[in-house]
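What follows is a short report on a single structure.
The values are calculated or read from the model by the stated rules, or taken from the named source; none is laboratory data. No experiment lies behind these values; they were computed from the predicted model shown. All Cβ positions, even for glycine, are placed from backbone atoms using ideal geometry, and neighbour counts span all protein chains on display. Note: accessible area is taken over every heavy atom of the protein model, side chains too, but ligands, DNA and RNA are not part of it. Shrake-Rupley method; radii C 1.70, N 1.55, O 1.52, S 1.80 Å.
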Amino acid sequence: MKKTTLFLIMLGLLTWGLQAVDLDLGLFYGTRSVADDQIRDVYGNGTTFFPYVSVGIWKGVFAGLGHEFGYDRDGRIGLYQEETNLKVTGLEFFAGYRFDLGKVSPYVKLGLGSYAYEQTVSGASKVDEKKSSVTLAGGARFYPVKGLFLAAEIKYVPLKVKPFDIEVDLGGMRLAAGIGYTFNL
């Protein structure tokens, strides 16, 4: 919470002296794949939510902050088929460039995410750790009316972790659809 508050204060100070500022509030919802075969066999792929806020800095350049959550999957693991659960959430800072082409605006963005993952087996926590990773995304926005936008995005998050002796890849692709609003301040 301290990091979020500090970021919002810094974002406000950065945009205070600018002439015209675009503030975007949006929400993405979509699928989240898991790259590791063994993890995918136990927990499967899932869904994810990504609410975010971003600020247009200068001529198509934007920066923002988002929170990924929603991947919370149950499964059965091991010789005795014990009940297990895996949760992955993340806080992401990103920057990108949007090509404004009228009603359609394709974009690319690069981010840095801090992801928390927690695995429980039979109700006892086995893994509860964090890992940072670079993210890469691209997508497009469509503006049906002034301010309101619909979006589609594909994002890749590499997230190789080694909670025990074996490295696993919790990363993968995210395919999402979103909605948002641009405030011209």
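Taken over region 24-38, the criterion of being over 14 Å from Val157 (Cα atoms), in contact (Cβ under 8 Å) with a residue 24 or more places away in the chain and open to solvent by 30 Å² or more (accessible area, probe 1.4 Å) is satisfied by Leu25, Leu27, Tyr29, Gln38. Evaluating Val55 against the criteria (1) touching a strand residue (DSSP E or B) at 6+ places or on another chain (Cβ under 8 Å); (2) within 25 Å of Ala35 (Cα to Cα) leaves one unmet condition, (2).
Taking the criterion of being open to solvent by 60 Å² or more (accessible area, probe 1.4 Å) and under 13 Å from the mean Cα position of the chain (by Cα), the only residue of region 39-63 that qualifies is Phe49. Residues in region 148-161 that are open to solvent by 10 Å² or more (accessible area, probe 1.4 Å) and assigned to a loop (DSSP other than H, G, I, E, B): Pro158 only. Note on region 103-129: among residues that are of a type in the set (Gly, Ala, Ser) and without any contact (Cβ under 8 Å) to a residue 24 or more places away in the chain, the one that is surrounded by the most Cβ atoms within 10 Å (Cβ to Cβ) is Ser125.
Listed here are the strands (runs of 3 or more DSSP E) enclosed by region 43-142 that have at least 1 residues being in contact with a Ser or Thr (Cβ under 8 Å, 6 or more places away or on another chain), hydroxyl-bearing (Ser, Thr, Tyr) and farther than 16 Å from Ala176 by Cα: 82-98, 104-121, 124-142. Here Phe99, Phe94 are screened, and the one residue that is open to solvent by less than 20 Å² (accessible area, probe 1.4 Å), at negative phi and of a type outside the set (Asp, Glu) is Phe94.
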